[in-house]
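Report on one structure; see the data block that follows.
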Amino acid sequence: MFSNKLKTKTLLLVAVVLIGLALMTAGQTTMAVTTRVRVSNTSCKGPVGISKFTFQRGGFPIGIKVLSPPRSVELDQTRTFTFELDNRPTAVTVGGRDDREREFSVRVEMGEREEYRCGQISVISEGEQPPPEEDQQPQPGQGQARLPSRLQGISPGSSPQEVLNQLRRSGADLEVQGSRNNPKLGNVADPMLIGSLGSGFTATAYWVNGPGQLRSVVTWDRPSSSHVLLVVSNTLNFCASVTPGSGGIEVSCDAPATTEPLTTIGNAPVPGNTFLVVAVKLSGPAQQYVLSLSG
């Protein structure tokens, strides 16, 4: 008898607890997850039209947002689209049309950044830090400079020809002025060369002769651009200078890497007699630059 009463009381207590938990759960509202999609247009002269976002989790769609009319992203503009979702997506597929009215669809993993023909697309959720620009360099305290992913096949020890070959393999629109036997400049004596780089991933290479060493500086007038300066000598001495993460209008190989560890790889002045000097623009619209050389 006593045992049956205890069982009954226990069952009643469990039932009350379960009902209470159910009521508490029912009274709770789902916390919305803020998801931001950032789309940049760095190279297409006409506007890019963004029209559709498909949110995915574990490979399955959990939501679709269609924009009508499409939202425009003009040249040199970055537009952020903000969404409140019931669940945190693991990826977002962005659809639209480029400036040539060609449709595109780009899938971006959460916290990552992907390129498309006109620029880049990144996705973050509330509380996450935006992913670094693909070619952004470390800030103070974050380590040493590194070459952007498009130039990863180039490193100290690369020969001038290997540098040119890798640029072509990477898809750069490459122009070479002069040659090893017939350089653009036969004797470097503080010249300033004015050049122009076309839109997108472009590079201009110069063969020059110097009096045993070379200092090089490239300057431009668009702080948001990402540039790289490469200098390789006939003795395989190497220097690379990259745009810092904070932006800038200059890359230079005129001082040792120990004094500029966040923007310079290798050492300068670069020893040698014959040099390949390459001005590289990673993305964005066409622009002019000035290359300064000295011994």
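Rule-based calculations on the coordinates, nothing more; no lab input. Bear in mind the structure is a predicted one, so any value in this text is a computation, not a measurement. Methodologically, a virtual Cβ is constructed for each residue, glycine included, from the backbone with ideal geometry; neighbour enumeration extends over all protein chains shown.
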Margin query: On a full-extension model of 0.36 nm per residue, what is the gain between residue 221 and residue 155, subtracting their alpha-carbon distance, rounded to one decimal in nm?
Written below: 21.0 nm
Margin query: I need the calculated FRET efficiency for the pair residue 72 and residue 189, taking r as the beta carbon distance and R₀ as 41 Å, to the nearest 0.05.
Written below: 0.25
Next item on the list: Quote the FRET efficiency, to the nearest 0.05, computed for residue 109 versus residue 176 with a Förster distance R0 of 35 Å and r equal to the Cβ-Cβ distance.
Entry: 0.40
